[in-house]
Amino acid sequence: MPDLHPVLTGEKVILARVRPEDVPVMARHFANLELTAYLGAIGGAFSLEDEQAYFESISKSKPDGVTFGIYTREGQTYIGGVDLRTINHRHGTAELGVSIHDPEYWGGGYGSEAVRLMVEYGMYFLGLHNIQLNVFSYNTRGIAAYKKVGFREIGRRRGAIRLGGERFDAVLMDITADEVDMSRMRGLVRLLDDR
């Protein structure tokens, strides 16, 4: 397996570009109906070909989006992905998406740390001011993780999601640059320490 080239490193996770050899792992996890329900693809089970097409779409840099794989710091195991999409450089806004694909790592703080690193990266290096996300009200673990990072609920679309004959709210959350400590990102640029 080729070496991982970390972009950001936390205490538990490394964020790096997704590698081609991670695609079969993605496909295995995206056959999990619980995972796809959390992500809004309710009832979806994605094939290796689907995940290969997704990989092709994220493997090239784009001005309106950036995607990183989430890897364990120990063992450098691929466990999920995090992205900033619909980046609007003029207004300094973006939408965040995150998924810990492997249920073995759910509830262990890996997602929170990946979100925190991505938010700091977006605010510091991309000049974003506001990052928003959408989550479903039945994803209480996700909502708690986002609040832990500093996201606040700013609205709900009531009854917008149907799962198993029940209706759930779509929850909109956001965070702004004034609420984010960017000292970790500043520390990545050594010349700034010399001033």
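The values are calculated or read from the model by the stated rules, or taken from the named source; none is laboratory data. Keep in mind the model is a prediction, meaning the values are calculated, not measured. Cβ placement follows ideal geometry from the backbone for every residue including glycine, while neighbour counts extend to all protein chains displayed. Each accessible area value is taken on the protein alone, full model and side chains, heavy atoms only, with ligands, DNA and RNA left out. Shrake-Rupley method; radii C 1.70, N 1.55, O 1.52, S 1.80 Å.
Here are some notes:
Table: residues versus (1) farther than 18 Å from I161 by Cβ; (2) modelled with pLDDT of 85 or more.
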{"site": "R19", "(1), (2)": "yes, yes"}
{"site": "T36", "(1), (2)": "no, no"}
{"site": "F46", "(1), (2)": "yes, no"}
{"site": "A53", "(1), (2)": "yes, no"}
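- Lone unmet requirement of (1) in contact (Cβ under 8 Å) with a residue 24 or more places away in the chain; (2) open to solvent by 70 Å² or more (accessible area, probe 1.4 Å); (3) farther than 25 Å from N134 by Cα; (4) not in a loop (DSSP other than H, G, I, E, B) for E11: (4)
- Looking across region 79-101 at every residue that is modelled with pLDDT of 95 or more and more than 19 Å from V149 (Cα to Cα), the one that is most open to solvent (accessible area, probe 1.4 Å) is identified as R90.
- Meets criteria (modelled with pLDDT of 95 or more and within 11 Å of the chain's Cα centre (by Cα)) for F125: no
- Subset of region 41-76 (residues that are under 20 Å from G107 (Cβ atoms), out of contact with any Phe, Trp or Tyr (no Cβ under 6 Å at 6 or more places or on another chain) and open to solvent by less than 60 Å² (accessible area, probe 1.4 Å)): I70, T72
- Any hit, region 102-115, residues being hydroxyl-bearing (S, T, Y) and exposed (fewer than 15 other Cβ atoms within 10 Å of the Cβ): no
- Residues of region 165-195 satisfying the condition of being modelled with pLDDT of 90 or more, of a type outside the set (D, E) and either in a loop (DSSP other than H, G, I, E, B) or more than 20 Å from G127 (Cβ to Cβ) (or both): G165, R167, F168, A170, V171, L172, M173, V180, M182
- Being in a helix (DSSP H, G or I), without any contact (Cβ under 8 Å) to a residue 60 or more places away in the chain and closer than 29 Å to L128 by Cα holds for only one residue in G69, G111, G107, and it is G111.
- The residues of region 123-147 that are in contact (Cβ under 8 Å) with a residue 40 or more places away in the chain, open to solvent by less than 20 Å² (accessible area, probe 1.4 Å) and not in a loop (DSSP other than H, G, I, E, B), listed by number, are M123, I131, L133, G142.
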